[in-house]
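All of the numbers you see were taken from the coordinates with simple rules; none came from a lab. What you see is a predicted model, and the numbers here were worked out from it, not measured in a lab. Methodologically, a virtual Cβ is constructed for each residue, glycine included, from the backbone with ideal geometry; neighbour enumeration extends over all protein chains shown.
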Amino acid sequence: MNMVGEPRRLGVPGAEARLRFEAELHEPGSAPRRRLLVLDGKPAFELSLWCGTCQFVFQRLEGANTTLSLGSMRERLAGPLSELDDGILDAFGSLLPEGDYLPLLLRVEPRLAMPGKEGDYFSEEQVATWGFDQFWGLPEHPRTPYYRTFETVVDDSAHLFEFVVPMVPPSWNERERVAEYVELMGQGSVPTAVAVSTLDLCRPAVSAAESTDEYEHWGLTHFLLDGHHKLEAAASAGRPVQLLSLLALGESLSGPNDHQRLAALRSQPDLSRGARSLPLAD
């Protein structure tokens, strides 16, 4: 079951939020240098640039060194949710800066992706559009394993890619807890994880010399707040989990019309870029 709710106002004053979005400046009054996701006052992830023509990116930084699980929510997230729970949304919203968020309740089947290995978006689909980094001569590198969960056709010139990005790498997870979730999932349990998300639309302004497939990349990225052991267990066991995510509308490189399309897009079949023959979502 997938569910997209209505936008709602959540969060706390920016200075009180454990996780917030910031623009890094060279000096007061200068143009922003980096777009960041900041955890406990330290840069945790670098995000896609505002121009919308550079590569889509999430890159782990030194500040991504802890999770944001809430012990008070553990029992309520042990199984699937049948609706968008206001109590859970408010609880996790208190970790975020005040703003407008679109709640998403998604069923995902995560696949672990390793940078530079087969199935890595940055080494495959992104290189096919932007080519290699002009300075390094290499693909972009997220500096973290991550999960690929879904992709589908937007239209003939755009494709949606969905990612779940852990705050800490799976190697930091407790082996016993992962094994417990694997066992529970084998018995049919579908637990719920929680994330904050961005939807970034990126398309190159000019064709790269190495480009073989130029189109607009819709990057729906869920930064995991709670559920790191659940995601690893689901990926290793080939089982689904439920993902409750809050899409940060004001912090995404996309607009209201794009957000309104998410429900229809997320109800389409999981289709790779090469499979574009099915009817498209309106």
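Name the shape class, rounded, prolate or oblate, that the alpha-carbon gyration tensor gives for the stretch 1-127, where a ≥ b ≥ c are the square roots of its eigenvalues, rounded holds for a/c under 1.5, and otherwise prolate holds if a/b is larger than b/c and oblate otherwise.
oblate
Given H259, V182, A193, which one lies farthest toward the positive end of the charge dipole of the stretch 181-282, if we put +1 on the Cβ of every Lys and Arg and -1 on the Cβ of every Asp and Glu?
Positive-end residue among those listed: V182.
Kirkwood Rh and Cα-based Rg: tell me the resulting Rg over Rh for the stretch 33-89, rounded to two decimals.
Dividing the radius of gyration by the Kirkwood radius yields 1.14.
Looking at the square roots a ≥ b ≥ c of the eigenvalues of the Cα gyration tensor of the stretch 100-186, which shape do they give, rounded for a/c under 1.5, prolate if a/b is larger than b/c, or oblate?
Oblate is the answer for the stretch 100-186, as a/c is 1.5 or above yet b/c matches or exceeds a/b.
I'd like the Karplus ³J(HN,Hα) series for the stretch 35-47: coefficients 6.51, -1.76, 1.60, θ = phi - 60°, whole numbers in Hz, and an x wherever there's a Gly or Pro.
9, 10, 9, 10, 10, 6, x, 10, x, 9, 9, 8, 10
Dipole of the stretch 39-106 (Lys/Arg Cβ +1, Asp/Glu Cβ -1, origin at the Cα centre): which of L105, A64, C51 lies farthest to the positive side?
A64
Suppose each label sits 7 Å from its Cα in the direction of the beta carbon; what would the A264-D155 distance come out to in nanometres?
1.0 nm
Could you list, bin by bin from short to long, the percent of Cα-Cα pairs of the stretch 148-282 in 5 Å steps?
Bin by bin from 0 Å, the calculated values are 2, 9, 17, 18, 17, 14, 12, 7, 3, 1, 0.
For the chain, what is the mean residue ellipticity at 222 nm derived from helices alone (per DSSP H run of n ≥ 4: -39500 (n - 2.57); sum divided by total residues; nearest 500 deg cm²/dmol)?
So the calculated ellipticity at 222 nm is -4500 deg cm²/dmol.
What does the charge dipole of the chain about its Cα centre add up to, to the nearest 20 debye, if the Cβ of each Lys and Arg holds +1 and the Cβ of each Asp and Glu holds -1?
With only Lys, Arg, Asp and Glu charged at Cβ, the dipole is about 380 debye.
Please report, in debye to the nearest 20, how large the charge dipole of the stretch 73-153 is about its Cα centre when each Lys and Arg carries +1 at its beta carbon and each Asp and Glu carries -1 there.
340 debye
Summing +1 for each Lys or Arg and -1 for each Asp or Glu, what net charge is found among the other residues whose Cβ lies under 12 Å from the Cβ of T212?
-4
Kirkwood hydrodynamic radius (Cα pairs, Å) of the stretch 158-222?
Hydrodynamic radius (Kirkwood, Cα pairs) of the stretch 158-222 is 15.2 Å.
So for the chain, averaging the separation of alpha carbon pairs under 8 Å that are six or more residues apart and normalising by length, what relative contact order in percent results?
23 percent
Evaluate the charge dipole of the stretch 8-115 about its Cα centre and quote only its size in Debye, nearest 20, assuming +1 on the Cβ of each Lys and Arg and -1 on the Cβ of each Asp and Glu.
For this selection, approximately 300 debye.
Can you work out the Karplus-derived ³J(HN,Hα) for every residue in the stretch 140-155? Use 6.51 cos²θ - 1.76 cosθ + 1.60 with θ = phi - 60°, whole Hz, and x for glycine or proline.
4, 10, x, 6, 6, x, 8, 10, 9, 10, 6, 8, 6, 7, 8, 6
Can you find, among V154, A15, T129, the residue sitting farthest towards the positive end of the charge dipole of the chain, where Lys and Arg contribute +1 and Asp and Glu -1 at Cβ?
Value computed over the given set: A15.
So for each of 173-180, 17-24 I average, over its residues, the number of other beta carbons within 10 Å; can you give me the resulting order with the highest mean first?
Those peptides, ordered most packed to least, come out 17-24, 173-180.
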